[in-house]
Structures are given as structure tokens and as C-alpha cells.
Amino acid sequence: MQTELVSLDMSSRTFADITSDLSAFLKDKGDGLASVFVPHATAGIAVIETGSGSEADLAETLGRLLPRDDRWSHSHGSPGHGADHLLPAFVSPSLTIPVVAGELQLGTWQSIVFVDTNRDNPQRNVRFSFIEG
């Protein structure tokens with residue numbers, strides 16, 4: 001297995017399209033499986049269409065599902081931080097994508113997006129792994 005840890009600065013954003021980062025990691029690799037894993041309790045990975053308003057729609061939906069208020073039992077950190085800890089139940093912290101000849105086998109409009117609503121910890125990591133098959 002080949003693996004790489006990538007750092008992200010999420011201080012001014014909720015979403016980061018990491019498709020090109022993963023594609024660069026896979027350059028010169030053959031057929032197999034790519035794994036994306038977020039080693040954080042408050043972030044996840046989504047496959048969505050970007051640039052068409054989907055990010056805003058996802059942010060609004062997550063805001064409705066996980067409001068930033070004081071209702072949460074998990075109550076340390078900034079107001080509503082308990083909601084951040086529920087995000088991975090809705091946006092998985094891991095993803096596996098087929099790779100053929102070093103190319104991600106995504107659909108035409110699919111992108112891989114790091115999702116992070118947690119404003120308390122802006123420095124994040126994501127682990128890319130490749131298993132040749």
C-alpha cells in the first residue's frame with residue numbers, strides 16, 4: 001500500500017475540492033483502489049458536483065440537520081460544536097474509489113470534497129492511500 005498525508009487549511013472554508021490532489025497522488029500508478037480517509041472526529045468526505053451550487057445546498061442542508069446552537073450534549077468548544085461531532089454520521093470520514101491506469105473512475109460531474117464545519121480546528125489532514133490490484 002502506498003499512502004500520503006495531505007494538510008489542508010480550512011480556516012476560511014467549509015469545503016475543499018481535493019480531487020486534483022488525489023489525482024496527483026495517483027499519477028503513474030496502475031489499476032487498484034484509492035482510499036481517502038479523514039483522521040478527525042468532526043469532518044468527512046463527500047462525492048458531489050462542484051461549482052453548480054451543490055456546496056451551498058449541502059451547507060444549507062447540514063445547517064438544518066445540525067444547527068449551531070446549544071442543544072448538543074457534547075458542549076465544549078464554540079457554540080454548536082456538538083453538531084460538528086455528528087457530521088461524520090452523515091458525511092462519511094472515508095471513501096474508496098476505483099482507479100484504472102492511474103485515473104480515478106469518477107463520473108463526469110463528480111468531485112471529491114473534504115467537508116469540515118468545525119471552526120475550532122482549521123488545520124486538517126486527509127490520508128490518501130492506494131492499493132494496487
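Values in this text are rule-based calculations from the coordinates and carry no lab data. Being a predicted model, the structure only gives us computed values, none of them experimental. Quick reminder, even Gly has a Cβ in these numbers, built from the backbone with ideal geometry, and neighbours come from all protein chains shown.
Among Pro39, Pro79, which is the only one that is within 30 Å of Gly133 (Cα to Cα) and out of contact with any Pro (no Cβ under 7 Å at 6 or more places or on another chain)?
Sole residue among the options that is within 30 Å of Gly133 (Cα to Cα) and out of contact with any Pro (no Cβ under 7 Å at 6 or more places or on another chain): Pro39.
Table: residues versus (1) touching a residue at least 40 places away in the same chain (Cβ under 8 Å); (2) not polar (S, T, N, Q).
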residue: Ala59; (1), (2): yes, yes
residue: Leu66; (1), (2): yes, yes
residue: Gly80; (1), (2): no, yes
residue: Ala83; (1), (2): no, yes
residue: Leu87; (1), (2): yes, yes
residue: Pro98; (1), (2): yes, yes
residue: Gln123; (1), (2): yes, no
Check off (1) surrounded by 13 or more Cβ atoms within 10 Å (Cβ to Cβ); (2) part of a strand (DSSP E or B) for Leu62 and give me the number that stays unchecked.
(2)
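Test Ala41 against the criterion of being of a type outside the set (S, T, N, Q), surrounded by fewer than 16 Cβ atoms within 10 Å (Cβ to Cβ), under 16 Å from the mean Cα position of the chain (by Cα) and assigned to a helix (DSSP H, G or I), and give yes or no. Write out each step before concluding.
Details: of a type outside the set (S, T, N, Q): yes; surrounded by fewer than 16 Cβ atoms within 10 Å (Cβ to Cβ): yes; under 16 Å from the mean Cα position of the chain (by Cα): yes; assigned to a helix (DSSP H, G or I): no.
Against the criterion (of a type outside the set (S, T, N, Q), surrounded by fewer than 16 Cβ atoms within 10 Å (Cβ to Cβ), under 16 Å from the mean Cα position of the chain (by Cα) and assigned to a helix (DSSP H, G or I)), Ala41 does not qualify.
Filter segment 105-121 for residues that are over 16 Å from Arg13 (Cα atoms) and either free of Cβ contacts under 8 Å to residues at least 40 places away in the same chain or buried (at least 17 other Cβ atoms within 10 Å of the Cβ) (or both) and give the result. Before the answer, list the steps.
Restricting attention to segment 105-121, the residues satisfying the condition of being over 16 Å from Arg13 (Cα atoms) are 105-111.
Once the filter is applied, which keeps residues that are over 16 Å from Arg13 (Cα atoms) and either free of Cβ contacts under 8 Å to residues at least 40 places away in the same chain or buried (at least 17 other Cβ atoms within 10 Å of the Cβ) (or both), segment 105-121 yields Gln105, Gly107, Thr108, Ser111.
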Answer residue from segment 8-38, given it is part of a loop (DSSP other than H, G, I, E, B) and acidic (Asp, Glu) and is surrounded by the fewest Cβ atoms within 10 Å (Cβ to Cβ) among those
Asp28
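Condition first: charged (D, E, K, R) and either farther than 18 Å from Ala41 by Cβ or part of a strand (DSSP E or B) (or both). Can you find one or more residues in segment 80-100 that meet it?
Narrowing segment 80-100 to residues charged (D, E, K, R): 84.
Within this subset, residues satisfying the condition of being either farther than 18 Å from Ala41 by Cβ or part of a strand (DSSP E or B) (or both) are none.
No - not one qualifying residue is present in segment 80-100.
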